[in-house]
Structures are given as C-alpha cells and as structure tokens.
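The values are calculated or read from the model by the stated rules, or taken from the named source; none is laboratory data. Bear in mind that the values here come from a model prediction, so they are computed numbers and not experimental data. Here the Cβ positions follow ideal geometry from the backbone for every residue, glycine too, while neighbour counts run over all protein chains shown.
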Number of protein chains: 2
Amino acid sequence: MKVGIVGLGLMGGSMGLALKKTQRFERILGYDINPIHLQQALSLGLVDECVSLQEIFKCDVIFLAVPVDGIVKILSEIDAECVNPNTTIIDLGGTKSQINHSISPALRSLFVGAHPMCGTEFFGPKAAFDTLYHDSIVILTDLEQSGAYQAELAKDLFIAIGMKIVKMDSISHDKHIALISHMPHIISYALANAVLAQEDPQTILALVGGGFRSMSRLSKSSPAMWKDIFKQNKENVLHSIAYFQDKLTEAKEFIEGEDWEGLEAFMAQANTLQKFL
Amino acid sequence: MKVGIVGLGLMGGSMGLALKKTQRFERILGYDINPIHLQQALSLGLVDECVSLQEIFKCDVIFLAVPVDGIVKILSEIDAECVNPNTTIIDLGGTKSQINHSISPALRSLFVGAHPMCGTEFFGPKAAFDTLYHDSIVILTDLEQSGAYQAELAKDLFIAIGMKIVKMDSISHDKHIALISHMPHIISYALANAVLAQEDPQTILALVGGGFRSMSRLSKSSPAMWKDIFKQNKENVLHSIAYFQDKLTEAKEFIEGEDWEGLEAFMAQANTLQKFL
C-alpha cells in the first residue's frame, strides 16, 4: 500500500514519521504547496518521496494535513472518477462540519473525518516528531457516512500510531472543541497582545514565571492555520468566548465588590476541574 | 546560623529543602498553623525541627512563606524589642506594596521583600521539592529600605539556591505582576468555570488536548493563597483584567465582522511575544 500526505508541517510531517514506524506502507509520499517545506520534509526524512498532488490522489490512503480551508479546497479538486474506489481519504482538520458539508456525495464513502487532539505551538516540517500522536485522542466524526472499509482502515491506522479513538458527529465536535481548544487559543493570543500593548513589554516580560509561560504558549501558534479554524467555526467560537466572558465578569465583580468569600468559592469551584482531567 | 520558616507548603517547604543543600545553616526550624502540615514537613524532611512562632522569631534568618494577608499579620505580631538586631526577615509573598506599608519602622531595616517567580499549581508540604527555586528569578523590592547587612545576606541566600536577582520598587512590582501573573490566574480560573458550567462537562473534558491543559493548569492553584493576593493587589488586577478584556473584545470583533485579515494580523502580533520569552 502507498500513503500520500498533503501538507508536511507539524501534523503531516509527524504523521509521516509515525506511519513509517508502523511499517504498514511500502512507500510514504508527500506534497506541500511550499517548495521549502518539500525540501525540509525530504531532508528530515518525514516522507520517502515528494510528488505532485495528482500522484497523491492515486495513493491507497491519503492524509489531508493542511489548514481547514485548504482541506475544503482540495476535496473539491479531487475527481471522483480518477480515484481508486478503495482509496481512504482522511483529513486531520481542527473543524469538521464545513468539511463534511463540502465533500461531494461521490467521494463521501471514501472519506473519514478525523481530528487528532494533539499538537504543539510550533509549526512547519521542522516541528514534526514521531511521537506527536502517541497516547492522544483522535475524534472520528460522522463515521456512519464513511464506507465500512474506510472506517475500519482509518481506525486501524490511528490505533497503530498509538491513538485512542472517540466517535462523534461533526456538529457536536465543533461545539465542544470551540470551548476546549478554539476559544482558549483566542484567550492566549489576547493575553499576549494585552502584555505587548504595554509601554515597556520588555521590562515586564523579563519577569515571567511558569504561569505566564503556560498561559501564553498557544499564542505562538500559526495564524494561517488558526484563521481558517475561526472562520469555519465562527458561531461556536463566539458562543464559547461569550461563556468565558461571563465567567471573567463574574470574577471581576467579586474583586470590584470585594466579595472575597465569593471569589474564593469561585476559585474552589474551578479547582474541581482536576476531577475530570 | 539558624533559619526559621513560617509556612511549610510549596514555597516554604521547598525553601527548607533548598537551604539544606546550601549547608549554610546548622539548623532549619519550621512553623505552620496547620498541625498536619507540621507532621508532613517533618516526615518529608523539609525542616529539621518544628517549633513555636516565638522560637522562629529568635532565628538569624526568618522566611515568611504564608498567604500575603498572613505575612502582614505576622509582621505586626513581631515585637521589635525581642528580635536580634542582626535578624533578617524575608517574605516570599506575591504582592509587595501592602506588606511594605504594614511593616513597623522599628523592624523595617531587618526586612527584605522578595517574590520568587516560580511555583507550581500544587500546594501544601507534599508539593515541595528541592529545585523549585533553581534557575528562576526572584524580585527583591524596595531594597534601599533594608539594612545593608540584611540586603546582602538575602541576595547571597537567593543566589546560593540558584536564583537570579531583579530589583524593583514594590509599586512597579505589583503593577507588572498583576499583568503577567495575577490576571492570568483569574483567566485560568474563569476558563475552568466556563467549561464546568456546561451541561455535560465530563463529555467535553474527555476530549482535552495539551492546549486546554496548559490554559487550565493555573486554575488548580490554592484559592486561599490567591484570594489574599487579589485582595492586596485589587486595583492593579482590575486594570490588568480590563487590558485583557479590551484585547479579547478586539479579537471577538474581528471574528464577528469576519475580518479574517485583521484577525490574522492580531495573531501574528501575538506571535512576536516569542522574541521576549
């Protein structure tokens, strides 16, 4: 079997490395729109060979690891008649509804929507590493719309690279993930900008400890990738920001009103998060 | 020399372990208001002996490692006439202005205000470890008001446990730290509560990846300790929350208005934080 990976950044590059270790494929092919990424991917050994997008479409398994607007675009470009009916196309995008709506009925059974809940704040081929996926969750969405063969193969591959599978419809996915991933990214970007907007950010940032480091880590993430996500999941992200703003206002009012017992109870309630994580 | 540590949780307990390694003191004494902490501190070897607060006051060096309202209270209880004029009293509180104002003129030269920029979200004696302070910054505040002997000894001890020293007046300290530590904690508590307030937090939290973990880590921090900090640094914390809210609103408006280029530029601006960290 041959596998083709479109997009050779953190997610696609790490997928190449992880699949290589499974020894399931005789050849791992890669494609990236950025010629520098192609070079880097080859010299880092993320894929065996770089080929054209048309060559990728002939593979037995195709991973789409580009920003989510790119996934929609590539899916629209695949000519169903040129694709082997046993092909499995798996996307790794962080939103799922719009991608699912955009796929043509002729291709739908070949397609599996997947969202691996792992990543780092770094991006590009140099950020890739072989254990990125290990021990993380992958959410497979609207799996009943995929062909039985494709669904099984996808599950098999994700398990082979060490992932735990959760199934979900794409609408619930986008709602939940807005809250625990998309909105926290917006917060981190806003926090970074709140500090950078100060008169002398350098003096202030010379003092940072571990707390600020963890809160600002996500603000290093790729703007190009995240722009697409916020675009495709606009309504859910706005709702999630509103939930957060309400809670922040609650905390602020405790402080303004000097209701220290209320604030302590608010923090004790937040402490209960530990039970779930 | 004898050192006495008041408060044997994460900060005080780790200070006991760190000072033991320096071999500067013949005896490390400890005190905690909580009898369970005393037992734990002894069995974990955080201090050599637990004694009364009055015994601690007789030590050559005294560390105050309790919540900041507790620091103010203890400083008011120290009878300047019973304290050796060569004593050095160092507090490790996360706010500095109110503590500095509360100390009596008779004790002022014996006192050094310090804020080690390290910690974890865990608390109590069991959270203590010997390298907590290593490689972190400690901010020494209003050092010109301390005696020359006390200032030198404090610097010496912090360097001996592996810290880097930054000097600052307590008013600037409280302003800067509100922004890079106190406000980010409020955000983390509010984020945790935004998710916990959902209909089925368990289902949502089963999906979390590394992003949410780092954003919610601080929400596990001690409510008792943080309540005092927000109380003592109320105005700066409220200003910092307002700065953050402005930036969050800016991001939200880009999303609402579908200004994706504006949003991308906002995120690219946040990316520049990396230059400073």
Can we say B:L8 is surrounded by 16 or more Cβ atoms within 10 Å (Cβ to Cβ), closer than 20 Å to B:M225 by Cα, over 19 Å from the mean Cα position of the chain (by Cα) and modelled with pLDDT of 95 or more? no
Please go through the stretch B:228-257 and pick out each residue that is free of Cβ contacts under 8 Å to residues at least 40 places away in the same chain and at the interface with chain A (Cβ under 8 Å from one of its Cβ atoms). B:K234, B:L238, B:Q245, B:D246, B:K247, B:L248, B:E250, B:A251, B:K252, B:I255, B:E256
Which of the numbered conditions does A:D156 fail, given that it passes all the others? Conditions: (1) surrounded by fewer than 15 Cβ atoms within 10 Å (Cβ to Cβ); (2) within 13 Å of another protein chain (Cβ to nearest Cβ); (3) more than 25 Å from A:E235 (Cβ to Cβ); (4) modelled with pLDDT of 95 or more. (2)
Checking the condition surrounded by 16 or more Cβ atoms within 10 Å (Cβ to Cβ), over 22 Å from B:T131 (Cα atoms), modelled with pLDDT of 95 or more and within 20 Å of the chain's Cα centre (by Cα), which residue from B:K73, B:K96 passes? B:K96
B:N86 versus (1) within 14 Å of chain A (Cβ to nearest Cβ); (2) within 23 Å of B:Q23 (Cβ to Cβ): which is the lone unmet condition? (1)
Among the candidates B:I187, B:I180, B:I229, B:I204, single out the residue that is outside the structural domain of B:R24 (by TED's automatic domain parsing), within 19 Å of the chain's Cα centre (by Cα), among the β-branched types (V, I, T) and closer than 22 Å to A:I177 by Cβ. B:I187
Which of the residues spanning the stretch A:19-62 are closer than 20 Å to A:G124 by Cβ, small (G, A, S) and either part of a loop (DSSP other than H, G, I, E, B) or touching a Gly at 6+ places or on another chain (Cβ under 8 Å) (or both)? A:G30, A:A41, A:G45
Can you name the residue in the stretch A:208-227 that is of a type in the set (A, V, I, L, M, F, W, C) and farther than 22 Å from B:Y189 by Cα and is also farthest from the other protein chains (Cβ to nearest Cβ) among such residues? A:M225
Matching option when the condition is more than 23 Å from B:M117 (Cα to Cα), more than 17 Å from the chain's Cα centre (by Cα) and aliphatic (A, V, I, L, M), among B:L19, B:L46, B:L42: B:L42
Restricted to the stretch A:258-277, and to residues that are of a type in the set (G, A, S) and within 7 Å of chain B (Cβ to nearest Cβ), which residue is nearest to A:A190 (Cα to Cα)? A:A270
Can you work out which of the residues in the stretch A:221-254 that are hydroxyl-bearing (S, T, Y) and either buried (at least 21 other Cβ atoms within 10 Å of the Cβ) or outside any helix (DSSP H, G or I) (or both) is modelled with the highest pLDDT? A:S240
Run down B:A178, B:A128 and say which single residue is crowded, with 23+ Cβ neighbours inside 10 Å and either modelled with pLDDT under 95 or farther than 30 Å from B:N86 by Cβ (or both). B:A178
Number of the exception - B:G70 against (1) touching a residue at least 60 places away in the same chain (Cβ under 8 Å); (2) in contact with a helix residue (DSSP H, G or I) (Cβ under 7 Å, 6 or more places away or on another chain): (2)
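Conditions tested, residue by residue: (1) touching an Asp or Glu at 6+ places or on another chain (Cβ under 8 Å); (2) assigned by TED's automatic domain parsing to the domain that holds A:A80; (3) crowded, with 22+ Cβ neighbours inside 10 Å.
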site	(1), (2), (3)
A:G12	yes, yes, yes
A:L17	yes, yes, no
A:G30	yes, yes, yes
A:N34	no, yes, no
A:L38	yes, yes, no
A:Q54	no, yes, no
A:C59	no, yes, yes
A:L64	yes, yes, yes
Residue set A:P184, A:P201; condition within 7 Å of chain B (Cβ to nearest Cβ) and within 22 Å of B:S136 (Cβ to Cβ); output residue A:P201
Check A:L75 against each of (1) assigned to a loop (DSSP other than H, G, I, E, B); (2) out of contact with any Leu (no Cβ under 6 Å at 6 or more places or on another chain); (3) hydrophobic (A, V, I, L, M, F, W, C) and name the one condition it does not meet. (1)
So, first residue at negative phi and more than 8 Å from chain A (Cβ to nearest Cβ) in the stretch B:117-129, second residue polar (S, T, N, Q) and in a loop (DSSP other than H, G, I, E, B), Cβ within less than 8 Å, six or more apart or across chains; the pairs are B:E121/B:S221; B:F123/B:S221; B:F123/B:S222; B:A127/B:T120
Residue match in the stretch A:132-144 (condition: loosely packed, with under 15 Cβ neighbours inside 10 Å and closer than 30 Å to B:M215 by Cα): yes
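Looking for whichever is out of contact with any Gly (no Cβ under 9 Å at 6 or more places or on another chain) and free of Cβ contacts under 8 Å to residues at least 60 places away in the same chain here; the options are A:D91, A:D79. Which one fits?
Result: A:D79 is the single residue among A:D91, A:D79 that is out of contact with any Gly (no Cβ under 9 Å at 6 or more places or on another chain) and free of Cβ contacts under 8 Å to residues at least 60 places away in the same chain.
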At pLDDT below 95, assigned by TED's automatic domain parsing to the domain that holds B:L248 and among the hydrophobic types (A, V, I, L, M, F, W, C), is that true of B:V195? no
For the stretch A:202-220, which positions are closer than 16 Å to B:A268 by Cβ and either touching a strand residue (DSSP E or B) at 6+ places or on another chain (Cβ under 8 Å) or surrounded by fewer than 23 Cβ atoms within 10 Å (Cβ to Cβ) (or both)? A:K220
Report whether or not B:Y189 is of a type in the set (S, T, Y), within 7 Å of chain A (Cβ to nearest Cβ) and crowded, with 22+ Cβ neighbours inside 10 Å. yes
Restricted to the stretch B:165-181 and to residues being more than 7 Å from chain A (Cβ to nearest Cβ) and among the hydroxyl-bearing types (S, T, Y), the residue farthest from A:I241 (Cα to Cα) is B:S170
